[in-house]
1. So if I place +1 on the C-beta of Lys and Arg and -1 on the C-beta of Asp and Glu, and nothing else carries charge, what would the dipole magnitude of the range 66-265 be about its Cα centre? I want it in debye, nearest 20.
2. Pop out the carbon and sulfur fraction of the accessible area of the chain as a percent, whole number, probe 1.4 Å.
3. Below 12 angstrom from the Cβ of LEU248, what's the summed charge of the other residues (Lys, Arg +1; Asp, Glu -1)?
4. With unit charges on the beta carbon (Lys/Arg positive, Asp/Glu negative), name the residue among GLY450, HIS491, TYR398 whose Cα is farthest towards the positive pole of the charge dipole of the range 387-491.
5. So which lysines pass the test for LYS497, namely a Cα distance under 19 Å, with those fewer than 8 places away in the same chain ruled out?
6. Which of LYS26/LYS205; LYS205/LYS421; LYS272/LYS500 have a Cα-Cα distance over 31 Å?
7. Rounded to the nearest 500 deg cm²/dmol, what is the calculated helix-only ellipticity per residue at 222 nm for the chain, with -39500 (n - 2.57) per DSSP H run of length n ≥ 4?
8. Note down the magnitude of the dipole of the range 387-491 about its Cα centre, charges +1 on Lys and Arg C-beta and -1 on Asp and Glu C-beta and zero elsewhere, to the nearest 20 debye.
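The values are calculated or read from the model by the stated rules, or taken from the named source; none is laboratory data. Just so we're clear, the structure is a prediction, and the values are computed from it rather than from any experiment. Cβ sites come from the backbone with ideal geometry, for glycine too, and all protein chains shown count toward neighbours. Just the protein is used for accessible areas: all its heavy atoms, side chains included, with ligands, DNA and RNA removed. Shrake-Rupley method; radii C 1.70, N 1.55, O 1.52, S 1.80 Å.
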Amino acid sequence: MKWNGWGYSDSRFLFNKKGQAEFTGKRYRLSGLILPSLKDWFEGTFGANLQHRSPATPSLNLSAVAPPNLNQPFVEDLKAAGLAVSHDPEDRVFRAHGHCLHEVFALREGRIGRVPDMVVWPSCHSDVEKIVELACKHNVCLIPYGGGTSVSSALECPREETRSIVSLDTSQMLNERGYCTGHEPDSMEFSSLGGWVATRASGMKKNIYGNIEDLVVHIKMVTPRGVIEKSCLGPRMSTGPDIHHFILGSEGTLGVVTEVTLKIRPIPEYQKYGSVVFPNFQQGVACLREVARQRCAPASIRLMDNEQFQFGEFCFSLILLNFFLLKNFCFKGFDPQHLCVATLLFEGDRGKVLQHEKQVYDIAAKFGGLAAGEDNGQRGYMLTFVIAYLRDLGMDYYVIGESFETSVPWDRVLDLCRNVKERIVRECKERGVQCPPLSTSRVTQTYDAGACVYFYFAFNYRGLSDPVHVYEQVEHAAREEILANGGSLSHHHGVGKLRKEWMKESVSGVGLGMLKSVKEYVDPQNIFGNRNLL
């Protein structure tokens, strides 16, 4: 794994000596491929120049890592209990951050902030109970660590914390059983089951399998006050507020999720990808709303706006406009500067999939949609797993970017998308960004009452003295615009430390007081002192 970027060390985008883009490694469908148009798109979109490099620090400078502040009695008790521990600098740095822009940017420049003083690896529920018991005994701060894919500053060590900080790494508690849960977040290669629960996660196949809260049957969590769990694995209980909902989305502030019972299904008999091109984003959104209304959404249906369509077309040949399709598009009056594309994934019983596919394409046709092929749908789906690698490439050439998400009622989707993108462009200009930023949106999940909308934005930061600060100001403004347009604070990324200033507005003052009271009761010593949410 990379210590200062996304994903595997052998997998990355780069421009070779001929100026052609390629994706290295052997892990993905794109691996080993030459991407001939990425350079033109990259330079044209951001005003970037391959001669202007901003390379990352090649290796971790161990002398930049502060010595650990160890609580020696705690360490001795851990060792006596047979638990694996480390205060190696690399182990500590790797678990000191998630993947917010400011975290990765600092690492690329070799700037190491506060990191955990040590790492401990439990292998089972009883190990976690022992660790929490000892942390209470010795007044040590614990920060649970799953896969490290957080984009909410949730893993950052609070600067004001004076106690020894211990990263409780749950990676050795994972077991592969070969079952299908259908939960596929974009980060599924690296994120953990406990992390999905703690952040109230969602996945690309939500339409069939549900979000994480729909999949969970039973949770066990270790807190300083003791273990929280329901009395049985019954499918439903009418016993007051659902205790699971205090755990889901708690983001490591109350305890450590150690065991989760999930619904499982047989691996689908049949899978089929697809794609639809629409004349414009408005008609695409209207189609997705009708699909949701008829409750016939496939496992995954995602609508990209025109900017993302052009990115996919120019960079990865996502939509191959063969002669037949091109004639149809022209006949229908499609404008390449406005059209958008939806990617589809159907799965289940073969007969039902084919029937389902026809129903969705029939609805799409009523909104001017034209089928654009199975291969393009598969490319679009698989692109999700490599898109994060592009940010590392951008930072090599003075381009920074990020994604954020929200959920919004159907009648506000279009206004929200338009207003947020316009706000990003305006804020960048006011803060001295010289080239117009890339500002795009896509609808990624559908519900009866609304949809999840994902935004990407990026800009060339040459000439800016503090690009991360500018980025944070722009993102802050975009989040304000989302809330002003009726969007949620987050759909699935969570709150962490990055968005907690809006918690009172999101859940009300009384609601926030309830959460604080739960925290004070469950963790009176603030052993889980990551300061997320509150």
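1. Using only the charged Cβ atoms, the result is roughly 440 debye.
2. Values: 12010 of 23560 Å².
C and S atoms contribute 51 percent here.
3. Values: positive: ARG200; negative: GLU213, ASP214, ASP242, GLU251.
Every neighbour counted, the sum reads -3.
4. Checking the options against the dipole of the range 387-491, the answer is TYR398.
5. List returned: LYS516, LYS519.
6. Numbers: LYS26/LYS205 25 Å; LYS205/LYS421 26 Å; LYS272/LYS500 40 Å.
Violating the 31 Å Cα-Cα cut-off are LYS272/LYS500.
7. Values: 19 runs with 187 residues, N = 534.
Helix-only estimate at 222 nm: -10000 deg cm²/dmol.
8. Values: 11 positive and 15 negative charges, 55 e Å.
Here the range 387-491 has a charge dipole of around 260 debye.
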